[in-house]
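The values are calculated or read from the model by the stated rules, or taken from the named source; none is laboratory data. Quantities reported herein were computed from a predicted structural model and do not represent experimental measurements. As a convention, Cβ positions derive from the backbone with ideal geometry for all residues, glycine included, and neighbour counts pool all protein chains shown.
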Amino acid sequence: MMFALNALLLAGILIAIGVLLYLRMSRRLPEQPDEKPVYTLEAMTKFVKEALHEMTSSNLIDFGLSEEEYRRRKNKRAELKKALRGCTSGDLRDKAYVKQVIADLLEQRYNLDDNNLNRLLPFDDPQALSPQDQFDILLYLFKKQHRLRALDELIQKYELDRPKRSMEDEETESYRITADEIRDIYKREARKLSAEDKMQIVVQRIYQQYKGFSVIDEIRDMKIDGVSGGVSGIPPSMWEGEWSLEEEALLREVPRSHDSVWLFYKGKSIHLSFLSFGSEQELRRVCQNVYKHNFPGQLSEANGFKVNEMADGSRVVVLRPRFSESWAFFVRKFDVQNAALEQLIQDDNAELPIGLIRYLVMGERITAITGAQGSGKTTLLMAMVRYIPAILPIRVQEMSFELQLRKIYRDRNILSLRETETISGQDGLDIQKKTDGSVNILGEVATDPVAAWMVQMAQVASLFTLFTHHAKTFRDLVYSLRNSLLKTGVFTNEKVAEQQVVSVINFDIHLRRDADGHRYIERITECVPVEQEEGYPETFRHKTTTEEKMTAFMETMLEYFRRSTDRPLYVARNVIEYRDGRYVAVHPLSERSRKEIAACLAGPDQAAFEAFLAVHWGDSDEN
């Protein structure tokens, strides 16, 4: 009896173990052949999420695989996990891989013939397509031919970057692309799509809602200056909470913060008024994902902003409430391939500023690049590095890695440092002194400690320095740097501090961007320090009478007060100016600058430099 009972118990245990093993061994992708698949984007997106989660989290040991198959699946899973992380950082290769995996999953689960694809998006009924659908199709068609310049070609072909009068105020002009324009363009460009074309458009739509950046996902990849969101429309604080029915009806017609998509294109801020994130939650999702490259830390109410770069070198700034009134992001892109002076400076007589900038860098002049945001300071700085002698090690200090100099100049000795939550810009500049650098580049002089350190560094720590600043005039630049020296306690006397700044800065290249987005060099200014006399008048010593001595001594005191108050310490002379669409030579270089630049040049370059000055300024020497 006991033996039979033990046998039954053992059999029950074995059956239970068998059932458990069967259940675990039978875990597969969430395919449900008994259920009829639902042909909507929402259902397919949900399926993709579950399938990818299963592929990346299930235990491979439970599948009873051979050693070779186990190793192959493990490597494939690791590759998929890496791609899922990288695709949210702006890596186009990882994005393409994830989209291909999504396409394979959909083909396994769904019958994606032409009719079923038309159920997902009404490709066969243009009138039923939303402006976003039409734009996605247009961008896909242009991308097949022009790749990452698709959006640029679309804008140029139909002149979408022209200013338009506002519907609310006819006297106001702004840059925007409307839904009506997209519909008109679609009528002209629409053509019959193959099943594969429709499939790719559907896959992109699913990807951007799952892992991508919503409606800006493809736009962000294009060759543009940047894209931003959450910067227009009423913020959530104005439409959340208790509202009367009349106010609620009125607010439905007003654009909200999640209806805000702006394109930065050739210096112009263009409102894509036909695009919307759809909800505040979707805008928030994009903001929380777009800055995550290399794990820069958490965006929180206590730390309401993040500045970071993406995998392709784009700079991203994200802000959130309560620091900002709504969730917002700014992605700024830099055209590394076209970072050449000839590409950036193309107005009439452009060889004049191009030639002078080249000799300023080769001549080791301390040069400031100033201008407003979006005027092209960073891109010009990228191009200027080309003329730094290759034998000189370069050290770069930035708030975020924007210059990407090692991507452009792969064989140069370049090391870039940036601020972190625990390492300040001042600490980064201090450590640069111990890295054998000859040329220091500051991506942006934006804080008082960095400005003060830049002045000191330019005096003793490097051959020369290049930096950017937001000053509007040369006088503002001098005052800003002077005030930074005073605020940080390096100097206490305004005149002495200003004299130190003047002795450091040699040239200022000031950039400007017109209302129509045209960028140009407004002026190149040379700073010529005024020679200071050594002594004061002492004629009172040789006077005989007390009255004569007092009169002569008053002249000495007058000279003292004149030097201590309004006596100029420098003369700012515009060497080149932009006038009526043309660059013109104005004042010649000072004799001191000519000699110091020539001393840094080799024999042939010296002769070319003198010939360059003679052609544009003649033989006049102005001290």
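Things worth noting here:
Every residue, every condition in (1) in a helix (DSSP H, G or I); (2) under 23 Å from PHE401 (Cα atoms); (3) touching a residue at least 12 places away in the same chain (Cβ under 8 Å), yes or no:
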position: ASP427; (1), (2), (3): yes, yes, no
position: GLY437; (1), (2), (3): no, yes, yes
position: MET454; (1), (2), (3): yes, yes, yes
position: THR468; (1), (2), (3): no, yes, yes
position: LYS472; (1), (2), (3): no, no, yes
position: LEU477; (1), (2), (3): yes, no, yes
position: VAL490; (1), (2), (3): no, no, yes
position: GLN499; (1), (2), (3): yes, no, yes
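- Here TYR186 meets each of (1) closer than 19 Å to LEU41 by Cβ; (2) part of a helix (DSSP H, G or I) with one exception, condition (1).
- Residue in segment 461-479 that is in the same structural domain as GLU364 (by the TED database), modelled with pLDDT of 90 or more, farther than 23 Å from GLY376 by Cβ and not aliphatic (A, V, I, L, M) present: yes
- Of all the numbered requirements in (1) outside any helix (DSSP H, G or I); (2) of a type in the set (D, E, K, R); (3) touching a helix residue (DSSP H, G or I) at 6+ places or on another chain (Cβ under 9 Å); (4) exposed (fewer than 15 other Cβ atoms within 10 Å of the Cβ), ASP161 misses one, and that requirement is (4).
- Evaluated against (1) hydroxyl-bearing (Ser, Thr, Tyr); (2) outside the structural domain of VAL286 (by the TED database); (3) part of a helix (DSSP H, G or I), TYR39 falls short on exactly one condition, (3).
- Filtered residue count, segment 180-210, keeping only those that are more than 23 Å from VAL286 (Cα to Cα) and in contact with a Ser or Thr (Cβ under 8 Å, 6 or more places away or on another chain): 0
- Filtered residues of segment 127-143 (kept if among the acidic types (Asp, Glu) and farther than 14 Å from MET222 by Cα): ASP133
- Residue that is farthest from HIS469 (Cα to Cα), among those in segment 383-408 that are more than 19 Å from the chain's Cα centre (by Cα) and assigned to a loop (DSSP other than H, G, I, E, B): ILE391
- Restricting attention to segment 122-131, the residues that are surrounded by 20 or more Cβ atoms within 10 Å (Cβ to Cβ) and touching a residue at least 60 places away in the same chain (Cβ under 8 Å) total 2.
- The set of residues from segment 54-76 being of a type outside the set (Asp, Glu), surrounded by 12 or more Cβ atoms within 10 Å (Cβ to Cβ) and closer than 21 Å to VAL98 by Cα comprises MET55, THR56, SER58, LEU60, ARG71, ARG72, ARG73, LYS74, LYS76.
- Residue match in segment 420-428 (condition: buried (at least 16 other Cβ atoms within 10 Å of the Cβ), in contact with a Gly (Cβ under 8 Å, 6 or more places away or on another chain) and not acidic (Asp, Glu)): no
- For ASN111, the conditions (1) assigned to a loop (DSSP other than H, G, I, E, B); (2) in contact with a helix residue (DSSP H, G or I) (Cβ under 6 Å, 6 or more places away or on another chain); (3) not charged (D, E, K, R) are fulfilled apart from (2).
- Annotation for segment 141-152: no member residue is outside any loop (DSSP other than H, G, I, E, B) and modelled with pLDDT under 90.
- Members of segment 410-419 found to be closer than 19 Å to VAL445 by Cα and surrounded by fewer than 17 Cβ atoms within 10 Å (Cβ to Cβ), listed by number: LEU415
- Hits in segment 77-93 - residues which are in a helix (DSSP H, G or I), crowded, with 18+ Cβ neighbours inside 10 Å and touching a residue at least 24 places away in the same chain (Cβ under 8 Å): LEU84, GLY86, CYS87, THR88, SER89
- Against the numbered list (1) at pLDDT 90 or above; (2) at positive phi; (3) not basic (Lys, Arg), ALA598 comes up short only at (2).
- Filter pass, LEU429 being more than 22 Å from ALA572 (Cβ to Cβ) and either under 27 Å from the mean Cα position of the chain (by Cα) or of a type outside the set (Asp, Glu) (or both): yes
- Whether a residue is over 19 Å from the mean Cα position of the chain (by Cα) and under 24 Å from SER214 (Cα atoms) was assessed, and GLU309 does not pass this test.
- In segment 587-613, the residues that are among the charged types (D, E, K, R) form Cβ pairs under 7 Å with partners that are part of a loop (DSSP other than H, G, I, E, B), at six or more places apart or across chains, as follows: GLU591/ASP621; GLU591/ASN623; GLU596/GLY363.
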